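The next block holds one structure in the form of C-alpha cells; read it before the comments.
The values are calculated or read from the model by the stated rules, or taken from the named source; none is laboratory data. These figures come from a predicted structure and were not determined experimentally. As a convention, Cβ positions derive from the backbone with ideal geometry for all residues, glycine included, and neighbour counts pool all protein chains shown. Side chains included, ligands, DNA and RNA excluded: accessible areas come from the protein's heavy atoms. Shrake-Rupley method; radii C 1.70, N 1.55, O 1.52, S 1.80 Å.
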Amino acid sequence: QVHLVESGGGLVQPGDSLSLSCQASGDLIGIRGMGWFRQNSQVEREWIASIGRWPEPEYAGSVKGRFTMSRDEGANTAALTMTSLNVEDTAVYYCYVDVMRRYWGQGAQVTVSS
C-alpha cells in the first residue's frame with residue numbers, strides 16, 4: 001500500500017506565500033514521479049505541477065513563474081512553494097505519486113482572502 005500525507009495549508013492574504021509538503025510512504029518501488037493537482041468549487045480538478053522522468057519540474061501555465069515544485073527522491077517527499085498568491089489560487093491541493101498507478105494525498109486547503 002502507498003500512503004501520502006500533506007501538510008502546510010492555511011489562510012493567507014493576496015500576495016503572500018505558502019508552502020505545501022507531501023510525504024509518501026509504503027511500497028514505492030518503481031516510483032515514476034510526484035505532482036500536484038488542485039480543485040475548487042468553480043473549476044474542475046486542475047493539474048498544476050509535477051516532477052517525473054526528468055528532474056526539472058513542469059508547470060501549468062496558470063502557476064508558472066509563481067509556484068515552485070521540488071522533490072526529494074530519497075525521502076519520497078515533494079514540496080510546492082507558492083508565491084504571489086491570489087484569490088484564484090484558493091483550492092484544495094492534492095499531491096500524488098505515480099507507482100504503477102496514481103495514489104493521492106488527503107488534500108490541503110489553501111484559502112487566499114483579505
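Within this structure, residue 79 passes the test of being among the aliphatic types (A, V, I, L, M), under 11 Å from the mean Cα position of the chain (by Cα) and closer than 25 Å to residue 2 by Cα. Number of residues in the range 56-110 that are touching a Lys or Arg at 6+ places or on another chain (Cβ under 6 Å), farther than 25 Å from residue 13 by Cβ and of a type in the set (Ser, Thr, Tyr) equals 1.
Right, residue 6: without any contact (Cβ under 8 Å) to a residue 40 or more places away in the chain and acidic (Asp, Glu) or not? The answer is no for residue 6. Taken over the range 6-31, the criterion of being over 20 Å from residue 67 (Cβ atoms) and among the β-branched types (Val, Ile, Thr) is satisfied by 29, 31.
Condition check ((1) more than 13 Å from residue 109 (Cα to Cα); (2) open to solvent by less than 50 Å² (accessible area, probe 1.4 Å)) across all residues:
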| position | (1), (2) |
| --- | --- |
| 1 | yes, no |
| 10 | no, yes |
| 19 | no, no |
| 25 | yes, no |
| 39 | no, no |
| 50 | yes, yes |
| 57 | yes, yes |
| 60 | yes, yes |
| 65 | yes, no |
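Identify all residues within the range 73-87 that are at pLDDT below 95 and exposed (fewer than 14 other Cβ atoms within 10 Å of the Cβ); write none if there are none. If the condition is that a residue be at pLDDT below 95 and exposed (fewer than 14 other Cβ atoms within 10 Å of the Cβ), then 73, 74, 75 are the ones that fit.
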